[in-house]
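Chemist: Let me give you the structure first, and then I'll get to my questions.
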Amino acid sequence: MAINFKQKPGIVVYLTAGDPDIETTYDIALAALDNGAEVLELGVPFSDPLADGPVIQRASERAVARGVRLLDVLELAKKIRAARPEAGIVIFSYLNPVVRVGMAEFCKLAKEHGADGVLLTDMIVEEAEEYLREMKKNDLAPVFLAAPTSPDERLKAIAEHSRGFVYAISRVGITGTQQNLESDAERLVSGIKQFTKLPVAVGFGVSNAEHVAAVGKFADAAIIGSAIVKLIEDTPREQAAEAVGKFVKGLRGQGGGSR
Amino acid sequence: MGNPIDQTIAGVNTKEVQRSIGSGRFGAYGGRYVPETLMAALQELEHAYAVAREDGAFQSELDDLLRHYVGRPTPMYFAKRLSEQLGGAKIYLKREDLLHTGAHKINNALGQGLLAKRMGKQRIIAETGAGQHGVATATVCALLGMDCVIYMGEEDMRRQELNVYRMRLLGAEVRGVGAGSATLKDAINEAMRDWVTNVRTTFYILGSALGSHPYPTMVRDFHRVISREAKKQFMEQEGKLPDAVIACVGGGSNAIGAFYEFIPETNVRLIGVEAGGRGTALGEHAARFHGGLPGVLQGTFSYVLQNDAGQVATTHSVSAGLDYASVGPEHAMLHDQKRAEYTYATDDEALNAVKVLSRTEGILPALESAHAVAEAMKVAPTMSTSQAIMVNLSGRGDKDMGILAREMNLEGAKASS
Ligand SMILES: Cc1ncc(COP(=O)(O)O)c(C=O)c1O
């Protein structure tokens, strides 16, 4: 397993795979890893991303329009794995593309393509019997979301069924950038930590060095998604990898992570 | 899809709640596939609904309003001229179109509105396709003094403009949704994003028998009154049950309400009519049982029109209320069990049915309901005059006058015949 946070806090980068195209996502992924990201979440574009804000919706729509499929994202994972054996790679998807492939087949393929873990946005622990069985069979880490609205009973189940890390959603709402990290996040992380020794990563709205530093005070890793997807949207494709590399590097530095 | 692994983690009273309203599984279908943020709200709703359902005070408040405000029971009308013209089975119309606001949708909107009030939620959101659920929700919010935001695809706002004005007049804020094909599915995505963001203060009045548990069960329960009345009325008027019950199927709420009490009566054929649109290619219709595959969309496992990569397809129907890529999970089960049959009517057949029913009976049906009428026009002539069909006339067609005027050339002096 390569999901392992050596730095404090660790940095997880979410990318909508195939935006602007798969080759560029590959270059961006390596740039992120080479500049301090330890785990990548490769987002499978979906036609109906109902947990996502406008930035990831647009990226997803562009990638779907290009015909990017779950299997293309797995191929991408394989290439990244070959180039960066140490990287943590999580396949991040809505459920339906996975259902289309079949849960057992998907888990097998994810393993074969070098993924370490999977996060399914609309999969909750109660519905996860088959998913957990197939993940276990393939020695993959299921990462579940924990929300500020989750009561302790749910946090306990989420913690018990997660492997790799637990994804703590910083605030109620959809993905997207925000100005301030809400106090929800710290309370949630300590709630999760009652039940597990797994690392806890905080995402949704974490968009700059200041946020990363704030998250580092109470959690093990920070997940940066929309801010990077937006940067990619705003940058010509030939310059996207370099821009993301610089941005990720800045996330740890003083006043970095700004554009 | 696997079965729930551990139903006790939900916390309070889970087992008791399940005994009362079920697990939300309809065979393999249904379930709860949502972002974790919504789970606490769904469990709170499940619990509140299970308690309300058993509470006589809640039921009598609902019954009283259904009777005096909404206009229940609705008539079971024998469409004599239409039946004679078709020359087969007798056709009865269950007149949900006569309800306050003009469609069956108010049965459910009122039930959920009262539940929201009971739960102390002051902010209501809803999605709408044809605008009938939006109008019903805006109406209930006015009646109960609650704040109301309605999400509606921009394409639907254009084609059901009258209902947009009605919602605004009733005090609701209508938010247009431009994503995707700017129809019902896109409106639900946006309503769910709102709910995820404002979940602590907001009640989502979902408008069809769709979405995550407990919605499909709860919405069905609120529409069950249709078949409960119908059964009794048929016995009184015909001395027997109908040979067939026909209803249009968008998300499936009017159909499940019309079917439900007849499900154990295996001599009664149950026929759901989907939107055949303008062709059988993916994207040209909304007939989920004729080209859809099992999948997960918007919180539930059911039939979904999609491509082989699992991307949800765009859909087309002349009727906004049927123009949706998935279908309620209970229908998916009834389909697989072969207890109900699912067929479709095309845009042209539905438009023709509007005209036929208007001119034989003086009843202008909604374009959605006209799909059911179109199917009745196909099957009645194949049956004997001693047999009887019930068509659930889910709504009236005033909202469709713009489309009808265009499609039927009603603008000139000589309306086509
Ligand atoms: C009159 C009418 N009938 C039917 C429908 C379809 O919905 P359902 O399948 O949930 O009854 C609608 C939806 O807008 C409607 O307005």
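The values are calculated or read from the model by the stated rules, or taken from the named source; none is laboratory data. Here the structure is a predicted model, which is why all the values come from computation and not from measurement. Don't worry about glycine lacking a Cβ; one is built from the backbone with ideal geometry, like all the others, and counts go over all protein chains shown. Areas reflect the complete protein model, heavy atoms only, side chains present, ligands, DNA and RNA absent. Shrake-Rupley method; radii C 1.70, N 1.55, O 1.52, S 1.80 Å.
Chemist: For chain A, with a Gaussian network of springs between Cα atoms less than 10 Å apart, report the residue from A:74, A:231, A:40 with the top mean-square fluctuation.
Modeler: A:231
Chemist: Taking the Cα centre of each part, how many Å lie between segment A:203-233 and segment B:184-237?
Modeler: Cα centroid to Cα centroid, the span is 38 Å.
Chemist: Then there's this: So how exposed is residue A:183, as accessible area in Å² (1.4 Å probe, rounded to 10)?
Modeler: Using a 1.4 Å probe on the heavy atoms, I get roughly 80 Å².
Chemist: What trypsin sites (Lys or Arg not before Pro) does segment B:273-364 have in DSSP loop regions with at most 10 other beta carbons within 10 Å?
Modeler: Working: sites: B:278, B:288, B:338, B:339, B:355, B:359; in loops: B:278, B:288, B:338, B:339.
Listed in order of number, the matching sites are B:338.
Chemist: Distance from the Cα centre of segment B:122-163 to that of segment B:60-80, in angstrom?
Modeler: Cα centroid of segment B:122-163 versus Cα centroid of segment B:60-80: 22 Å apart.
Chemist: With contacts defined as alpha carbon pairs under 8 Å and 6 or more residues apart, what's the relative contact order of segment A:10-250 in percent?
Modeler: This gives 22 percent for segment A:10-250.
Chemist: Report the label-to-label distance for residue B:173 and residue A:71 in nanometres (one decimal), using points 7 Å from each Cα along the Cα→Cβ vector.
Modeler: 4.6 nm
Chemist: Between residue A:27 and residue A:194, what's the calculated FRET efficiency when r is the beta-carbon distance and R0 is 45 Å? Round to 0.05.
Modeler: Between residue A:27 and residue A:194 the formula returns 0.65.
Chemist: For segment B:218-353, taking Cα atoms only, what is the radius of gyration to one decimal and the Dmax to the nearest whole Å?
Modeler: 15.3, 52
Chemist: Still on this structure, please answer the following. With a 1.4 Å probe and all protein chains left in place, how much accessible area per residue does the protein assembly as shown have, in Å²? Write out the running numbers ahead of the final one.
Modeler: Numbers: 23590 Å² over 676 residues.
That works out to 35 Å² per residue.
Chemist: Next question, about the same structure. For chain B, what percent of Cα pairs sit more than 34 Å apart?
Modeler: It works out to 24 percent of all Cα pairs.
Chemist: Every cysteine in chain B with no other Cys Cβ under 4.7 Å from its Cβ, please list them in numeric order.
Modeler: Here B:248 come out as lacking a disulfide-compatible partner, given the Cβ-Cβ threshold of under 4.7 Å.
Chemist: Peptide B:173-182: average number of partner chain Cβ atoms within 10 Å per residue?
Modeler: 1
Chemist: Beta carbons within 10 angstrom, averaged per residue: use that to sort the peptides B:35-47, B:368-380, highest first.
Modeler: Answer by packing, highest mean first, reads B:368-380, B:35-47.
Chemist: To continue, here is another question. Residue by residue through B:304-316, how many Cβ atoms from other chains fall within 10 Å of the Cβ on average?
Modeler: Mean partner-chain Cβ count within 10 Å for B:304-316: 5.
Chemist: On average, how many beta carbons from a partner chain sit within 10 Å of the beta carbon of a residue in A:145-154?
Modeler: That works out to 6 on average.
Chemist: Hey, can you rank A:193-201, B:292-300 by average C-beta count inside 10 Å, highest first?
Modeler: Descending mean neighbour count gives B:292-300, A:193-201.
Chemist: If you take all C-alpha pairs in segment A:117-259, what percent of them are over 22 Å apart?
Modeler: 43 percent
Chemist: Ignoring ligands, DNA and RNA, how do B:100, A:211 rank by accessible area with a 1.4 Å probe, largest first?
Modeler: B:100, A:211
Chemist: As a test question: what accessible area, to the nearest 10 Å², does residue B:200 have when a 1.4 Å probe is rolled over all protein chains in place?
Modeler: Spelled out: residue B:200, probe radius 1.4 Å, area about 130 Å².
Chemist: Given the -39500 (n - 2.57) contribution per DSSP H run of 4+ residues, what per-residue ellipticity at 222 nm results for chain A, rounded to the nearest 500 deg cm²/dmol?
Modeler: -13500 deg cm²/dmol
Chemist: Would you mind calculating the gained length between residue B:401 and residue B:282 on full extension (0.36 nm times residue separation, minus the Cα-Cα distance), in nm to one decimal? List each step's numbers first, then the result.
Modeler: Details: separation 119, 0.36 × 119 = 42.84 nm, distance 2.79 nm.
Using 0.36 nm per residue and subtracting the Cα-Cα distance, I get 40.0 nm.
Chemist: For segment B:58-177, just say rounded, prolate or oblate: build the C-alpha gyration tensor, square-root its eigenvalues into a ≥ b ≥ c, call rounded for a/c under 1.5, and beyond that prolate if a/b exceeds b/c, oblate if not.
Modeler: Note, shape of segment B:58-177 comes out oblate.
Chemist: Roughly what angle does helix B:184-197 make with the longest principal axis of chain B, taking Cα atoms, 0 to 90 degrees, to the nearest 10?
Modeler: 20 degrees
Chemist: Let's test this: bin the Cα-Cα distances of the protein assembly as shown at 20 Å from zero up to the farthest pair and state each bin's percent.
Modeler: Pair shares across the bins are 19, 50, 26, 5, 0.
Chemist: Tell me, in nm to one decimal, what length is gained between residue A:8 and residue A:105 on full extension, where the rule is 0.36 nm per residue of separation less the Cα-Cα distance?
Modeler: Contour length minus Cα-Cα distance gives 31.4 nm.
Chemist: Could you work out the percent of alpha carbon pairs in chain A separated by over 24 Å, rounded to a whole number?
Modeler: Roughly 41 percent, once rounded to a whole number.
Chemist: May I pose another question? Report the accessible surface area buried between chains A and B, summing both sides, using a 1.4 Å probe on protein heavy atoms only, in Å² rounded to the nearest 100.
Modeler: 3800 Å²
Chemist: Further question: Per the 1.4 Å probe, what fraction of the accessible area of the protein assembly as shown, in percent, lies on carbon and sulfur atoms?
Modeler: Of all accessible area on the protein assembly as shown, carbon and sulfur atoms account for 49 percent.
Chemist: If you don't mind, there's one more thing I want to ask. At 7 Å along Cα-to-Cβ for each site, give me the label-to-label distance between residue A:217 and residue B:85 in nm.
Modeler: My value for the distance between the label points is 7.5 nm.
Chemist: If you don't mind, there's one more thing I want to ask. So, in nm, how far is label residue A:34 from label residue B:198 when the simple model puts each one 7 Å beyond its Cα toward the Cβ?
Modeler: It works out to 4.7 nm between the two label points.
Chemist: Restricting attention to segment A:1-86, which GluC sites (Glu not before Pro) occupy a DSSP loop and are surrounded by at most 15 other Cβ atoms within 10 Å?
Modeler: A:86
Chemist: Sticking with this one: Would you mind checking the tilt of helix B:367-379 against the longest principal axis of the Cα atoms of chain B, expressed as 0 to 90 degrees and rounded to 10?
Modeler: The angle comes out near 50 degrees.
Chemist: Can you work out the Karplus-derived ³J(HN,Hα) for every residue in segment A:116-124? Use 6.51 cos²θ - 1.76 cosθ + 1.60 with θ = phi - 60°, whole Hz, and x for glycine or proline.
Modeler: 9, x, 9, 10, 10, 4, 10, 10, 9
Chemist: List for segment B:37-61: residues with 50 Å² or greater reduction in accessible area, all protein chains versus chain alone, probe 1.4 Å?
Modeler: B:37
Chemist: Same structure, new question: Using only protein heavy atoms and a 1.4 Å probe, report how much of residue B:266 is accessible, in Å² to the nearest 10.
Modeler: Roll a 1.4 Å probe over it and residue B:266 shows about 110 Å².
Chemist: Find how much the distance from residue B:348 to residue B:384 grows on full extension, using 0.36 nm per residue of separation minus their present alpha carbon separation; answer in nm with one decimal.
Modeler: Using 0.36 nm per residue and subtracting the Cα-Cα distance, I get 10.3 nm.
Chemist: Taking Cα atoms, how many degrees apart are the long axis of helix B:132-144 and the longest axis of chain B, rounded to 10 and kept between 0 and 90?
Modeler: 50 degrees
Chemist: Let me ask another. From the C-alpha coordinates alone, can you work out the Kirkwood hydrodynamic radius of segment B:267-416, in Å?
Modeler: Here the Kirkwood hydrodynamic radius works out to 16.3 Å.
Chemist: Now a separate question. Would you calculate a helix-derived [θ] at 222 nm for chain B, using -39,500 (n - 2.57) for each DSSP H run of n ≥ 4 and dividing by the full residue count, to the nearest 500?
Modeler: After summing the helix terms and dividing by the residues of chain B, the value is -12000 deg cm²/dmol.
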